[in-house]
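Notes for the one structure printed next.
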Amino acid sequence: MSNNYFKVIRSGINSTFQDKGRSNLYHLGIPFSGAMDNRNYLLANKLVKNDLNHPALEFAYQGPLLKYIGEKINIVITGDVSFTIKSKISEINGNCYETYEINDGDEIDILSTNKSVYGYLSFSGKFDVSYQWGSCSTNTKSHIGANNGKKLFDNQIIKISEINKDFTQKKINYFNSKIEKIRVIKGTNFDYFSEIAISNFFKKEFKVSKLSDRMGMRLEGVNLENINNSNIKSEGLIKGVIQVPGDGNPIIMLSDHGTIGGYPKIAVIISADYDRIVQFPSGSKIKFQQVELSDAETLFKMYEMETQNLLNQI
Amino acid sequence: MIKNISNLGDAALYCDFGKNINKETNSYVIKYFDKIKQLKIENINNIIPSYNKLIISYDLNRINYKELKDLIEKIQIDQTDSEKKNILEIPICCEEPYSLDFNRLETKLKLSKKQILQNFLNKKYFCYMTGFIAGMPFLGDLNENMRTNRLETPRVKVPKGSIGITEQFANIYTFESPGGWNIIGNTPKKVFDNFNEDKPNLINPGDTVIFKEITKDEYLNYEQ
């Protein structure tokens with residue numbers, strides 16, 4: 001154990017520790033959790049030479065203001081994020097995907113994510129966090145994972161268990177690509193909806209509601225008319241499923257979603273677009289496009305290859 | 001038996017066991033669940049049993065829909081596979097302030113509080129599945145005259161330990177959570193233990209649950 005730590009001066013809106021998440025627990029009611037935007041999470045760890053499954057600090061919209069106490073470390077922030085680093089002698093505006101040296105007394109102020117939701121902070125070492133079922137990912141709903149299952153709070157201390165001193169500064173040029181349309185596969189209750197509803201689903205824009213979080217993203221727009229039944233017998237869910245309750249407004253299941261649900265599933269977001277759907281901030285507009293299973297499989301292979309290429313560049 | 005397998009998105013199999021929701025259909029779902037776990041098929045991320053469905057999600061980096069579907073279709077379920085399941089007694093206090101919806105239930109069901117309690121307590125419940133929130137059991141079946149809809153406006157916060165009913169089912173809120181079930185009482189018993197990684201859920205699919213009424217005094221002095 002080291003004596004190095006971060007002091008949380010401002011916790012931010014929803015800052016949690018995340019890693020790749022936990023599997024094989026849905027039957028108990030415990031979802032995957034894990035970093036919402038997996039690619040940016042992996043890049044953060046790789047840039048500071050960590051194992052790819054190390055805990056990272058995930059933040060949404062406004063991130064934390066952290067004061068660092070201890071021996072020299074290096075940090076990186078990924079995503080599309082505005083942040084400053086204040087030391088005794090200077091204050092700089094930081095760039096994402098570029099590592100920075102942090103010394104005793106320095107402050108990292110994560111001001112906001114830009115036209116996106118989630119960003120990641122990693123440093124050359126390991127946060128001292130607790131694990132449950134092999135993962136530190138915090139699930140605030142079931143009080144599971146790091147920080148006693150809670151998001152960061154003001155004035156808390158984040159302990160550090162190890163620092164990796166073998167370090168060289170790193171930087172990559174990467175821009176988070178925006179896609180025009182989110183691609184989906186027909187859901188298992190696609191035929192519960194009227195022809196007009198289906199046509200609207202693929203033609204109209206939907207606005208991301210403020211009532212969105214790590215569990216789900218609520219959409220507003222034209223109401224999707226159900227011509228069969230607005231309830232189904234409760235059954236399992238996976239992330240990316242788009243459920244439509246009786247009010248006709250779709251809800252997309254995200255990483256901390258309930259494992260069982262009773263609303264019809266109109267569609268499922270393809271795996272290749274998951275990292276991008278989570279980054280649509282409230283108020284932004286989404287359009288859907290239908291693809292077939294075989295297309296989705298190919299698109300995922302391409303997306304994964306791209307991620308691997310980025311990681312290999314570092 | 002599985003009637004049909006389709007895909008739920010690009011990374012999950014959707015196994016349909018037919019329209020009927022009953023113990024027999026569900027026991028096949030659970031048999032498949034147990035069997036697939038036992039076979040330790042690689043690259044499966046999660047197996048999610050429910051009343052009449054089994055959803056199997058997988059790592060799309062390593063296996064795809066067609067490959068996994070072929071593997072699942074080959075599985076043989078032994079009809080005599082009898083799993084060792086438990087009978088559990090859950091204490092329930094139906095006094096104020098725990099029985100939030102008795103007035104509503106008396107009106108909806110046209111039964112007195114005493115009759116509702118009698119119906120509820122004189123019944124063995126089968127656990128069909130667990131989930132939604134960690135450890136929440138979905139139990140059935142309530143008598144025909146005990147069945148009613150969810151609240152028109154769901155509560156923003158249902159207290160932890162609340163026992164609710166809706167349609168033919170009963171459940172237990174393992175955490176404070178939003179929810180729309182009719183709350184008839186509350187249990188002091190720990191139904192989900194997140195520090196017991198081997199067996200966090202007290203009640204598991206296939207188990208039988210009996211509710212035992214306790215007084216408010218017994219509730220307040222309950223020891224796990």
*asked:* Would you confirm whether or not region A:293-304 contains a residue that is buried (at least 19 other Cβ atoms within 10 Å of the Cβ) and closer than 15 Å to A:Asn40 by Cβ?
replied: no
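Name the single residue that is nearest to the other protein chains (Cβ to nearest Cβ) among those in region B:1-26 being among the charged types (D, E, K, R) and within 24 Å of B:Lys85 (Cα to Cα). Spell out how you get there, then give the answer.
If we filter region B:1-26 for residues that are among the charged types (D, E, K, R), which is where we start, we get B:3, B:10, B:16, B:19, B:23-24.
Going one step further and asking which of them are within 24 Å of B:Lys85 (Cα to Cα), we end up with B:16, B:23-24.
On the way: B:Asp16: 8, B:Lys23: 14, B:Glu24: 15 Å.
Here the residue is B:Asp16.
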*asked:* If I filter region B:26-33 for residues that are closer than 20 Å to B:Thr166 by Cβ and not assigned by TED's automatic domain parsing to the domain that holds B:Ile184, do I get at least one hit?
replied: yes
*Might you check whether a residue that is surrounded by fewer than 22 Cβ atoms within 10 Å (Cβ to Cβ), away from chain B (no Cβ under 14 Å), within 22 Å of A:Ile9 (Cα to Cα) and small (Gly, Ala, Ser) occurs anywhere in region A:108-115?*
yes
*asked:* If the requirement is being more than 14 Å from chain B (Cβ to nearest Cβ), of a type in the set (Lys, Arg) and on the phi > 0 side of the Ramachandran plot, which of these qualifies: A:Lys49, A:Lys72, A:Lys7, A:Lys88?
replied: A:Lys49
*Run down A:Ile30, A:Ile13 and say which single residue is over 13 Å from the mean Cα position of the chain (by Cα), within 11 Å of another protein chain (Cβ to nearest Cβ) and of a type in the set (A, V, I, L, M).*
A:Ile30
*For region B:27-48, enumerate the residues that are away from every other protein chain (no Cβ under 11 Å) and farther than 14 Å from A:Ser23 by Cβ.*
B:Ser27, B:Tyr28, B:Lys31, B:Tyr32, B:Lys35, B:Gln38, B:Leu39
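For A:Leu211, indicate whether it is within 14 Å of chain B (Cβ to nearest Cβ), hydrophobic (A, V, I, L, M, F, W, C) and surrounded by fewer than 22 Cβ atoms within 10 Å (Cβ to Cβ). First the steps, then the outcome.
Details: within 14 Å of chain B (Cβ to nearest Cβ): yes; hydrophobic (A, V, I, L, M, F, W, C): yes; surrounded by fewer than 22 Cβ atoms within 10 Å (Cβ to Cβ): yes.
So A:Leu211 fits the description; yes.
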_Single residue of region B:169-192 satisfying the filter (touching a residue at least 40 places away in the same chain (Cβ under 8 Å) and in a loop (DSSP other than H, G, I, E, B)) that is surrounded by the most Cβ atoms within 10 Å (Cβ to Cβ)_ = B:Thr174
*Just one of B:Phe138, B:Phe132, B:Phe126 is assigned to a loop (DSSP other than H, G, I, E, B) and either within 30 Å of A:Lys141 (Cα to Cα) or at pLDDT below 95 (or both); which is it?*
B:Phe132
*Right, A:Ile286: in contact with a helix residue (DSSP H, G or I) (Cβ under 7 Å, 6 or more places away or on another chain), in contact (Cβ under 8 Å) with a residue 12 or more places away in the chain and not polar (S, T, N, Q) or not?*
no
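So is B:Lys66 at the interface with chain A (Cβ under 10 Å from one of its Cβ atoms), modelled with pLDDT under 95 and assigned to a helix (DSSP H, G or I) or not?
no
From the list A:Asp109, A:Asp154, which one is among the acidic types (Asp, Glu) and not in a loop (DSSP other than H, G, I, E, B)?
A:Asp109
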*Checking A:Glu225 against (1) surrounded by fewer than 22 Cβ atoms within 10 Å (Cβ to Cβ); (2) within 13 Å of another protein chain (Cβ to nearest Cβ); (3) over 18 Å from the mean Cα position of the chain (by Cα), which test does it fail?*
(2)
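The values are calculated or read from the model by the stated rules, or taken from the named source; none is laboratory data. Computed from a prediction, not measured in an experiment: that's the story for all the values here. All Cβ positions, glycine included, derive from the backbone under ideal geometry; neighbour counts span all protein chains shown.
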